[in-house]
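A.B. asks: Here it is, the structure in full.
Derivation of every value follows stated rules applied to the coordinates shown; laboratory data play no part. None of the values given here were measured: they were computed from a predicted structure. Cβ sites come from the backbone with ideal geometry, for glycine too, and all protein chains shown count toward neighbours.
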Amino acid sequence: MQKLVNLDLLDRRILVQLQRDASLSNAELAERVGSTGPSVWRRIRQMEDAGVLGATVRLANAASLGQTVNVLCHVRMRDYSAECIEQLESFIRQTERILECYSMSGEWDYVMRIVASDVSDYEQFLMRVMLKHSSIAAASSNFALSVTKYTSAFPVV
């Protein structure tokens, strides 16, 4: 289990701002949180070293990339051998259109968020790729009608 990192008020303010806009310059960030550039830079490095902050990325617009269909796909495994699990999880990590995947308790073994350009594109992927994978016994798909909320920012308490 990962150790909880103790963050003070300034660390928390920095973290909130970075989750909103990681492209801020060090000077802009320092101004927003009421600190100095060197102090903010040092604290960011400490949070990176502690594992609080990961990679800095830019979020792409799905519609601009023609990926307008969001599917939540539940998957049941064929068997639960270590080899089967590793094959499936390797496939998931290597498949770009699978944006998120969670191992689940309950009726289904995994739930994935998969993007596609349209329903036909998803059907082709499901029938010709997913269901052909030797580790997958069954899948059930739910199509998102709209996005009510999407964020990558964690609450900072």
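A.B. asks: Rank by packing, highest mean first: peptides 138-146, 51-59, with packing defined as the count of other Cβ atoms within 10 Å averaged across residues.
C.D. replies: 138-146, 51-59
A.B. asks: Let me ask something else. To the nearest 10 degrees, how steep is helix 9-20 against the longest Cα principal axis of the chain, on a 0 to 90 scale?
C.D. replies: The helix 9-20 is inclined about 50 degrees to the chain.
A.B. asks: Which longest run of the chain has no exposed loop site in it, a site being GluC sites (Glu not before Pro) in a DSSP loop with at most 14 other beta carbons within 10 Å, and the site itself not part of the run? Let's see the in-between values first.
C.D. replies: Values: sites that count: Glu96, Glu107.
That would be 1-95.
A.B. asks: Using Cα atoms only, what is the angle between the long axis of helix 37-49 and the major principal axis of the chain, expressed in degrees (0 to 90) to the nearest 10?
C.D. replies: The two axes meet at around 30 degrees.
A.B. asks: For n ≥ 4 DSSP H runs only, could you compute -39500 (n - 2.57) per run for the chain, divide by its residues and tell me the 222 nm figure to the nearest 500?
C.D. replies: Details: 5 runs with 53 residues, N = 157.
So the helix-based figure for the chain works out to -10000 deg cm²/dmol.
A.B. asks: Among Met127, Asn61, Cys73, which residue has its Cα furthest toward the positive end of the charge dipole of segment 19-157, with +1 on Lys/Arg Cβ and -1 on Asp/Glu Cβ?
C.D. replies: Going by the charge dipole, the pick is Asn61.
A.B. asks: To the nearest 0.05, how large is the calculated FRET efficiency for Leu72 and Leu4 if R₀ is 22 Å and r is the Cβ-Cβ distance?
C.D. replies: On the way: r = 30 Å, r/R0 = 1.37.
That pair, Leu72 with Leu4, gives E of 0.15.
A.B. asks: While we're on this one: Taking the Cβ-Cβ separation of Arg12 and Arg58 as r and a Förster radius of 25 Å, what is the calculated FRET efficiency to the nearest 0.05? Don't jump to the answer; show the numbers that get you there.
C.D. replies: Details: r = 23 Å, r/R0 = 0.94.
Calculated value: 0.60.
A.B. asks: Among Leu29, Met104, Val5, flag the residue with its Cα farthest along the positive direction of the charge dipole of the chain, charges on Cβ as +1 for Lys/Arg and -1 for Asp/Glu.
C.D. replies: Comparing the listed Cα positions along the dipole, Leu29 ranks first.
A.B. asks: Out of the chymotrypsin sites (Phe, Trp or Tyr not before Pro) in segment 1-97, which ones are loop residues according to DSSP with at most 10 other C-beta atoms within 10 Å?
C.D. replies: Numbers: sites: Trp41, Tyr80, Phe91; in loops: Tyr80.
Filter output for segment 1-97: Tyr80.
A.B. asks: Determine the dipole magnitude for segment 63-143: charges of +1 sit on the beta-carbon of Lys and Arg, -1 on that of Asp and Glu, nothing else is charged, the reference point is the Cα centre, and the result goes in debye to the nearest 20. Could you put the intermediate results ahead of the total?
C.D. replies: Values: 7 positive and 11 negative charges, 23 e Å.
Roughly 120 debye for segment 63-143.
A.B. asks: Ile92 to Val157: FRET efficiency via 1/(1 + (r/R0)^6), r the Cβ-Cβ distance, R0 22 Å, to the nearest 0.05? Walk me through the numbers on the way to the answer.
C.D. replies: On the way: r = 31 Å, r/R0 = 1.41.
Working from the Cβ atoms, E equals 0.10.
A.B. asks: If you wrap the chain's Cα atoms in a convex hull and average its projection over all directions, what's the area in nm²? Please report the intermediate quantities before stating the final value.
C.D. replies: Details: hull surface 47.4 nm².
With the hull built on Cα positions only, its mean projection is 11.9 nm².
A.B. asks: With only Lys, Arg, Asp and Glu charged, each at its Cβ (+1 for the first two, -1 for the last two), find how big the charge dipole of the chain is about the Cα centre; round to the nearest 20 debye.
C.D. replies: Values: 17 positive and 18 negative charges, 77 e Å.
Charge dipole of the chain: 380 debye, to the nearest 20.
A.B. asks: Report, in degrees rounded to the nearest 10, the 0 to 90 angle that the Cα long axis of helix 82-94 makes with the longest principal axis of the chain.
C.D. replies: Helix 82-94 sits roughly 60 degrees off the main axis of the chain.
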